[in-house]
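J.: The following block contains the structure, expressed as structure tokens.
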Amino acid sequence: MKKLILIDGGPASGKNTLGDLLIKMFNNAGDKSVLLDLDTFVEHFNPAWVWENEEQKNKDQFNARLNITKEIDKYLEQNSTVIVIGERFLQKDDVVKFVGKLKTICPIYLYHLSTPFSVREKRLHQRGPHSLIDLAKDQKDREKIKNWPGFVYENINSPEVDAKNLMQLIREEKGHIDIKVTKIILDTDIGSEMTDAAALTLAAISPEIELLGVTTVTHDSTFRASVARRVLNLLGKKNIPVAAGFGTGGNHEWEKAVIFPEGYLPSKELDSRPAWKLILDLVNQNENVTLVGIGTTINLAKALEQDSKLPKKVERLILMGGMINPPVVDGKTIPKGFEYNFCNDSASAEKIIKAGFNLTIVPGDLTFQQNDPWTSSELSKLASIQNPAIQLLAKLKDKSLEAMAEGMKKANLPLGFVKPWVNDEFVITYIIEPELFKTRDVFIKWELPDKYPRFIISDDGYPLKVVNQANFSEARSFILERFLNF
């Protein structure tokens, strides 16, 4: 059975001793296993461990971590046990960041070797200066830790005895790291803004989320599905199915130029099922699925039409859409119709709200409460990330702001509203870090006095949860940190 075993403890973990003994024990028991030492991957780029400058050092270490990630995935896909040494895992976030780069989901175990500093120092000198770890700083960091993730093992410093003891702990499943994983299906109108692509990226790279599939909606949904497929491929997530849903028409000229500079052709890697069918198939094949809608809701409404039991089959439905208290910009109220997702298909949204889902709504007026959307400093950091998928986000941001300005002019609305808002990313952030948000259980009446739906809080309405407050700066920092560490 595949599993990932992380051994933290720096040089005192013993290169080619403790790890090799564990591998031998696994193999003797009939379990395929492999030992991967991060230091070995660094030595592939620089055997001497001497760099001319900090930039080259960081680049080599980045590439080493990228390569070890690929090797971990390769062996996990072969159903092997993978033991990793040479990396620091002092906090649970260190584990989350590390496994977030993996494509493969598996049980994770973490063991800290509690070794006296003098012993670690001696072993480091024996190995020479070939280690990513600054031992003195590492020791100070360790002394500050009060609650260790995983299991702290009192190292006896006898490789044979330590390997035997660790093997027993592994068999007893001690040191298991519980990363709560939410299975989601994402329905999106990706393609015209940074926010949908950022939400997809965040969902795809976060170990707390298992992205089962992606469906697209609105205008040319095949184009949108091709965009989702490209983003996932750039992230190395080629195994996640993408299906086009309802939506035809729309030229998407500037979007095609930005996303497909080589010339746009519909992807040949799309799932052949219509979006509603992919949604139902994935729900029926998995337990505790969360449906996430960040576009119009017609795909979800069609799935509901085909299976009226859908609300009881899924754990919850989270939608980005609607407005309860429209924002005021430059003294002018932004009309409810400016909220796109519900207003452009109010009939489908009404069916969804009345169907009996365990429903959470992230309304448009929440995200427009932000006094400080993406800052110029944050966007500069985003643009500096040398990952093609992340770089695509930055390009979409620039062009979508131009398109938003044109739309505001046509609608005679204040140009002060044209800002790099964080919208759909908050939905995914809410799933991973709910403590950054506040919610309110309410009853909502649905009214349609004109072409724009109205949410009215009323005791005789339909029950749902509304996300009504957010720590915007912390949420943005969380998103940016995930992108920077991918």
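The values are calculated or read from the model by the stated rules, or taken from the named source; none is laboratory data. Predicted model, so just to flag it, every value in this text is computed and none were measured. With ideal geometry, Cβ positions are generated from the backbone for all residues, glycine too; neighbour counts draw on all protein chains shown.
J.: Name, by its number, the condition in (1) touching a helix residue (DSSP H, G or I) at 6+ places or on another chain (Cβ under 6 Å); (2) modelled with pLDDT under 90; (3) part of a loop (DSSP other than H, G, I, E, B) that does not hold for Ala383.
T.: (3) is the only condition that Ala383 fails.
J.: Another question, then. Go through the stretch 214-269 and give me each residue that's among the small types (Gly, Ala, Ser) and touching a strand residue (DSSP E or B) at 6+ places or on another chain (Cβ under 9 Å). Outline the logic, then answer.
T.: We begin by selecting, within the stretch 214-269, every residue among the small types (Gly, Ala, Ser); these are 221, 225-226, 228, 236, 243-245, 247, 249-250, 257, 263, 267.
Once the filter is applied, which keeps residues that are among the small types (Gly, Ala, Ser) and touching a strand residue (DSSP E or B) at 6+ places or on another chain (Cβ under 9 Å), the stretch 214-269 yields Ser221, Ala225, Ser226, Ala228, Ala243, Ala244, Gly245, Gly247, Ser267.
J.: A further question follows. Here are the criteria: (1) assigned to a loop (DSSP other than H, G, I, E, B); (2) more than 18 Å from the chain's Cα centre (by Cα). Tell me which single one Gly236 does not satisfy.
T.: Just one mismatch for Gly236, condition (2).
J.: Further question on the same structure: Within the stretch 324-345, is even one residue closer than 16 Å to Ile361 by Cβ, outside any helix (DSSP H, G or I), in the same structural domain as Gly245 (by TED's automatic domain parsing) and at pLDDT 95 or above?
T.: No, the stretch 324-345 contains no residue that is closer than 16 Å to Ile361 by Cβ, outside any helix (DSSP H, G or I), in the same structural domain as Gly245 (by TED's automatic domain parsing) and at pLDDT 95 or above.
J.: Return a yes/no flag: does the stretch 180-189 have any residue that is closer than 26 Å to Lys302 by Cβ, in a helix (DSSP H, G or I) and either among the acidic types (Asp, Glu) or modelled with pLDDT under 95 (or both).
T.: For the stretch 180-189, residues closer than 26 Å to Lys302 by Cβ, in a helix (DSSP H, G or I) and either among the acidic types (Asp, Glu) or modelled with pLDDT under 95 (or both): absent.
J.: With the requirement that a residue be modelled with pLDDT under 85 and either farther than 20 Å from Asp20 by Cα or not assigned by TED's automatic domain parsing to the domain that holds Asp93 (or both), what does the stretch 145-160 give you?
T.: Step one: filter the stretch 145-160 for residues modelled with pLDDT under 85, giving 145-147, 154-159.
Matches in the stretch 145-160: Ile145, Lys146, Asn147.
J.: Name the single residue, out of those in the stretch 190-207 being assigned to a loop (DSSP other than H, G, I, E, B) and out of contact with any Asp or Glu (no Cβ under 9 Å at 6 or more places or on another chain), that is farthest from Asp8 (Cα to Cα).
T.: Residue satisfying both the conditions and the ranking: Ser206.
J.: Check Ile7 against each of (1) within 32 Å of the chain's Cα centre (by Cα); (2) surrounded by fewer than 19 Cβ atoms within 10 Å (Cβ to Cβ) and name the one condition it does not meet.
T.: Of everything listed in (1) within 32 Å of the chain's Cα centre (by Cα); (2) surrounded by fewer than 19 Cβ atoms within 10 Å (Cβ to Cβ), Ile7 misses just condition (2).
Table: residues versus (1) out of contact with any Lys or Arg (no Cβ under 7 Å at 6 or more places or on another chain); (2) more than 24 Å from Thr182 (Cα to Cα); (3) at pLDDT below 85; (4) among the β-branched types (Val, Ile, Thr).
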residue: Asp73; (1), (2), (3), (4): no, no, no, no
residue: Leu76; (1), (2), (3), (4): no, no, no, no
residue: Ser80; (1), (2), (3), (4): no, yes, no, no
residue: Ile83; (1), (2), (3), (4): yes, yes, no, yes
residue: Glu87; (1), (2), (3), (4): yes, yes, no, no
residue: Asp93; (1), (2), (3), (4): yes, no, yes, no
residue: Lys97; (1), (2), (3), (4): yes, no, yes, no
residue: Thr104; (1), (2), (3), (4): yes, no, yes, yes
residue: Leu110; (1), (2), (3), (4): yes, no, no, no
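J.: Further, regarding this structure: Six or more apart or on different chains, Cβ atoms under 7 Å: show the pairs whose first residue is in the stretch 77-99 and among the acidic types (Asp, Glu) and whose second is part of a loop (DSSP other than H, G, I, E, B).
T.: Glu77/Thr104; Asp94/Arg88
J.: Take the conditions over 30 Å from Ile179 (Cβ atoms), assigned by TED's automatic domain parsing to the domain that holds Thr333 and exposed (fewer than 14 other Cβ atoms within 10 Å of the Cβ) and apply them to Asp441. Does it pass?
T.: Values: over 30 Å from Ile179 (Cβ atoms): no; assigned by TED's automatic domain parsing to the domain that holds Thr333: yes; exposed (fewer than 14 other Cβ atoms within 10 Å of the Cβ): yes.
Spelling it out, it is not the case that Asp441 is over 30 Å from Ile179 (Cβ atoms), assigned by TED's automatic domain parsing to the domain that holds Thr333 and exposed (fewer than 14 other Cβ atoms within 10 Å of the Cβ).
J.: Might you check whether a residue that is in a helix (DSSP H, G or I), surrounded by 16 or more Cβ atoms within 10 Å (Cβ to Cβ) and not aliphatic (A, V, I, L, M) occurs anywhere in the stretch 403-416?
T.: Checked the stretch 403-416: no residue is in a helix (DSSP H, G or I), surrounded by 16 or more Cβ atoms within 10 Å (Cβ to Cβ) and not aliphatic (A, V, I, L, M).
J.: Now for a different question. Quick one: would you say Glu447 is acidic (Asp, Glu) and either surrounded by 14 or more Cβ atoms within 10 Å (Cβ to Cβ) or modelled with pLDDT under 85 (or both)?
T.: Values: acidic (Asp, Glu): yes; either surrounded by 14 or more Cβ atoms within 10 Å (Cβ to Cβ) or modelled with pLDDT under 85 (or both): yes.
Yes; evaluated as a whole, the condition is true for this residue.
J.: On the basis of being of a type in the set (D, E, K, R), at pLDDT 85 or above and touching a helix residue (DSSP H, G or I) at 6+ places or on another chain (Cβ under 7 Å), does Arg482 make the cut?
T.: On the way: of a type in the set (D, E, K, R): yes; at pLDDT 85 or above: yes; touching a helix residue (DSSP H, G or I) at 6+ places or on another chain (Cβ under 7 Å): yes.
Here the answer is yes, as Arg482 does meet what is asked.
J.: For the stretch 57-71: of the residues being hydrophobic (A, V, I, L, M, F, W, C) and either modelled with pLDDT of 90 or more or surrounded by 20 or more Cβ atoms within 10 Å (Cβ to Cβ) (or both), which is nearest to Asp138 (Cα to Cα)?
T.: Among residues in the stretch 57-71 that are hydrophobic (A, V, I, L, M, F, W, C) and either modelled with pLDDT of 90 or more or surrounded by 20 or more Cβ atoms within 10 Å (Cβ to Cβ) (or both), the one nearest to Asp138 (Cα to Cα) is Ala64.
J.: Report, by residue number, each residue of the stretch 307-323 that is outside any loop (DSSP other than H, G, I, E, B) and either at pLDDT below 95 or surrounded by fewer than 13 Cβ atoms within 10 Å (Cβ to Cβ) (or both).
T.: Lys312, Met320, listed by residue number.
J.: Right, next: The conditions are (1) at pLDDT 85 or above; (2) buried (at least 19 other Cβ atoms within 10 Å of the Cβ), and Lys15 fails exactly one of them. Which is it?
T.: (1)
J.: Determine which member of the set Ala257, Ala275 is among the small types (Gly, Ala, Ser), under 24 Å from Tyr430 (Cβ atoms) and in the same structural domain as Gly245 (by TED's automatic domain parsing).
T.: On the way: Ala257 fails: under 24 Å from Tyr430 (Cβ atoms).
Only one candidate passes the filter, namely Ala275.
J.: Please enumerate the residues belonging to the stretch 246-299 that are in a loop (DSSP other than H, G, I, E, B), buried (at least 20 other Cβ atoms within 10 Å of the Cβ) and among the polar types (S, T, N, Q).
T.: Those that are in a loop (DSSP other than H, G, I, E, B), buried (at least 20 other Cβ atoms within 10 Å of the Cβ) and among the polar types (S, T, N, Q): Thr296, Thr297.
J.: When you look at Leu21, is it within 25 Å of the chain's Cα centre (by Cα), of a type in the set (A, V, I, L, M, F, W, C) and either within 20 Å of Tyr111 (Cα to Cα) or surrounded by fewer than 17 Cβ atoms within 10 Å (Cβ to Cβ) (or both), yes or no?
T.: Numbers: within 25 Å of the chain's Cα centre (by Cα): no; of a type in the set (A, V, I, L, M, F, W, C): yes; either within 20 Å of Tyr111 (Cα to Cα) or surrounded by fewer than 17 Cβ atoms within 10 Å (Cβ to Cβ) (or both): yes.
For Leu21, the condition - within 25 Å of the chain's Cα centre (by Cα), of a type in the set (A, V, I, L, M, F, W, C) and either within 20 Å of Tyr111 (Cα to Cα) or surrounded by fewer than 17 Cβ atoms within 10 Å (Cβ to Cβ) (or both) - is not met.
J.: Now a separate question. Report, by residue number, each residue of the stretch 152-185 that is crowded, with 18+ Cβ neighbours inside 10 Å and free of Cβ contacts under 8 Å to residues at least 60 places away in the same chain.
T.: Scanning the stretch 152-185 gives a single hit, Tyr153.
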